[in-house]
Amino acid sequence: MGGFDYAVIALVVLVFLTLFAGIKTVPQGYRYTIERFGRYVKTIEPGLNFIVPYFDRIGAKMNVMEQVLDVPTQEVITKDNASVSADAVAFYQVLNPAQAAYQVSNLENALLNLTMTNIRSVMGSMDLDELLSNRDTINDRLLRVVDEAANPWGIKITRVEIKDIAPPTDLVEAMARQMKAEREKRAQVLEAEGSRNAQILRAEGAKQSAILEAEGQREAAYREAEARERLAEAEAKATRMVSEAIAAGDVQAINYFVAQKYTEALAAIGTANNQKIVLMPMEASSLIGSLGGIGAIAREVFGDGQAQASPRRSTPQTGPASNPVENR
């Protein structure tokens, strides 16, 4: 083998080496930076790419997929001097590979320290109660602050989440007692409100009952007065009719009127409870004459106008008779 053959072999090897140095394949999800004599030139995309062999070289292989950064547990002093332990997780994505490669050294460590520092800053500006009850607010503030700080590095912080906040044991026990006291207080308040509402309802029920009872009594009094008024009208009408009959010279009407009052007086005396025995003179002929007048008027009322009542005469007694009336 002569010198020409060696030259050809060397040329072929040089061509292969040149092709190998000038053709670069980038996998999906990555971006490669190209440096020429140590200076950044461009960023090549996924797929088959050609560079100037021997002059250009790959500088940094940047992963542009969203990545997870685990933030370890750290101690945080709150605004009210309470010590708590907190850990978090951050999600970030490289948007500008050149800035991420050349603007910061050790990108992941820089993001980790930046997140930890802002966690202490944000959580340290809040009270313990606010810290435990406003986790979403903490996440939003952390996301805004860390994303703004990492923006010059070509990094987009997509999410920052606080995984756990652990207060000291004695503080947890105190919080449990406070929660129990608050719940007992609310229970007592609800019980008092329920008792007050029940008393109000009972008072309203008694009020409605009194109103209805008063309305019933008023209606009963109104009806009773109306009945008395009608009775008085009837008595007045009856008296007027008797008066007219007397004025017309009807003796039987006079007898009826006198007998009615006489009978009512006897009934009142007989039913009196302040006397046991009543002795009084009474002429039987007078009462019989009155009853005869009542019968004559009744016959006239029922239409027996042609019948003439023959006067009944009784033999007068020589002396007054005494009739005992006993009411036991």
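For segment 26-113, the average shadow cast by the Cα convex hull is 7.1 nm², which is a quarter of the hull's surface.
Once segment 43-180 is represented by equal point scatterers at the alpha-carbon sites, with solvent omitted, what log10 I(q)/I(0) does the Debye formula produce at q = 0.15, 0.17 Å⁻¹? Log10 I(q)/I(0), no solvent term: -0.76, -0.90.
Measuring spread by the Cα atoms of segment 3-62 yields a radius of gyration and Dmax of 14.3, 48 Å. Across segment 134-224, the convex hull enclosing all Cα atoms gives 157 Å³ per residue. The spacing between segment 174-203 and segment 100-169, judged by their C-alpha centroids, is 41 Å. Counting protein heavy atoms only, segment 156-232 has 54 percent of its accessible area on carbon and sulfur, 1.4 angstrom probe. Surface analysis of segment 3-62 yields an accessible area of 70 Å² per residue, using protein heavy atoms and a 1.4 Å probe. Taking a straight Cα-Cα cut-off under 19 Å and skipping sequence neighbours fewer than 8 places away in the same chain, the aspartates and glutamates within cross-link reach of Lys42 are Asp56.
The values are calculated or read from the model by the stated rules, or taken from the named source; none is laboratory data. Given the structure is predicted, the values throughout are model-derived calculations rather than measurements. The area values use the complete protein model at the heavy-atom level, side chains included, leaving out ligands, DNA and RNA. Shrake-Rupley method; radii C 1.70, N 1.55, O 1.52, S 1.80 Å.
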